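Report on the structure given below.
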Amino acid sequence: MKKLVRPFLLFVCIIGISMLHYLTPLNMPYLHDIYQRLYYLPIILAAFWYGFRGGLACSTFVSVVYAPHILFQWGGHLTVEMEKYLEIILYNVVGCVTGILSQKERERSAELQETARGLDESFKKLQAQSERMITIEEKLRRAEKLSTLGEMAAVLAHEIRNPLGSIRGTAEILKDDYQPGDPKHEFIEIQIKETERLNRVVEDFLHMARPQPVDMLPCPIQDELDTIFFLVSNDARERQIKLVLQPPAVPVIIKADGEKLRQAFLNIAINALQATPPGGSVIISTKVYQTGLCEIRFRDTGLGIDAETLSRIFEPFYTTKPDGTGLGLAITKKIIESHNGTLLVESEPGHGTTVTVRLPMQDTANGGIS
């Protein structure tokens, strides 16, 4: 319906101007001169709207409508007739030239729009490449940090672990010389505990820095989660936290090092329990996707993590716990990535935290389920 509005307006305009010509007496030539010029309006509009063909069609229609007026009303006046016929020629020239210019302008506008779309697509591609480069740069920085840690690991093992063992052994010998309740007995107890804590830091550091051999074998994921559930269930009862294990609908088998995967899951579960207040809950669930991935979620109802902390939780030695080493999640992420998996932490202050582990399942051709 909208497509017919413009042609109808042009038609009404041309017919209206023509009626003015036919109904105005010839003894008023100045009015006919004005009406004659009015024909340019629909011609230029048609050329502007429809290009060369529109301008030519409109000027031709004007010529056909206007010609009888010249022949039958101005007949016998050769000079006047020649002027009117020249005006008809001018109508067609204006219609063609205006149509060509309008058409070229539209084509140029279309080219500019196409160029703009191309530039927009190029910008989006460059933006995506820039984001990928930032991600790669971040991974390189982390790899460089891990490489530095690896170089320091041998020195630390020699310079710290052996003296720590000697200090602890000496403290345990001295402890026997004092009875419980003696201030010196308590001081030695503190010394032994702090020595154990420092030794644990060194152990975690070495696990983080040194390449760990991975023994990849078929691993039923639910068996590992059952073990984790058993290991932390007593801690959950003491903290008065409801611990829930939701098994998958079908058995899930992945190719993994069960011991290392168990370590990663245990780190996540312990963090979830420590972050959850009494009366809260920790839910461990497993989901299977058609894409060949299994997803293990650890969801707690704790206080959540703010955005700044969330962006740094995988950094080595970054911790918010007074007695934490800051290596637990870094080691966990490294273990998951060594199994070609991904580790995602989502949290909102006041709404708890969800840790999602995605791992590729073993191929059915190799005896697994996908």
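Every read-out reported here was derived from the displayed coordinates using simple, explicitly stated rules and does not represent laboratory data. These figures come from a predicted structure and were not determined experimentally. When we count neighbours, we look across all protein chains shown, and the Cβ atoms used for this are built from the backbone with ideal geometry, even at glycine.
Miscellaneous remarks
- Each of L310 and Q290 was given a label point 7 Å from its Cα along the Cα-to-Cβ line. The distance between the two points is 3.0 nm.
- The distance between label points at D177 and F230 comes to 4.5 nm (points 7 Å beyond Cα on the Cα→Cβ vector).
- Applying 1/(1 + (r/R0)^6) with R0 = 35 Å to the Cβ-Cβ distance of S166 and E238 gives a FRET efficiency near 0.50.
- Pairs beyond 24 Å (Cα-Cα), from K139/K321; K145/K193; K125/K287; K184/K321; K3/K104; K193/K321: K139/K321; K145/K193; K125/K287; K184/K321
- Ranked packing of 218-231, 21-34, most packed first, by mean Cβ within 10 Å: 218-231, 21-34
- The amide H of L293, built 1.01 Å from its N in the peptide plane, has M361 as neighbours under 5 Å, considering only residues 5 or more places off or on other chains.
- Cα-projected label distance for V97 with L198, points at 7 Å along beta-carbon direction, nm: 9.7 nm
- Taken one residue at a time, the phi angles of the range 94-107 give Karplus couplings (6.51, -1.76, 1.60, θ = phi - 60°) of 4, x, 5, 5, 4, x, 5, 4, 5, 5, 5, 5, 5, 5 Hz. Gly and Pro are set to x.
- Pairwise FRET efficiency - A249 versus K124, Cβ, R0 = 41 Å, nearest 0.05: 0.55
- One Cα centroid belongs to the range 257-309, the other to the range 162-198; the line between them spans 36 Å.
- Summing +1 for each Lys or Arg and -1 for each Asp or Glu among the other residues whose beta-carbon sits under 14 angstrom from that of R142 gives +1.
- Percent of alpha-carbon pairs separated by more than 26 Å within the range 217-366: 22 percent
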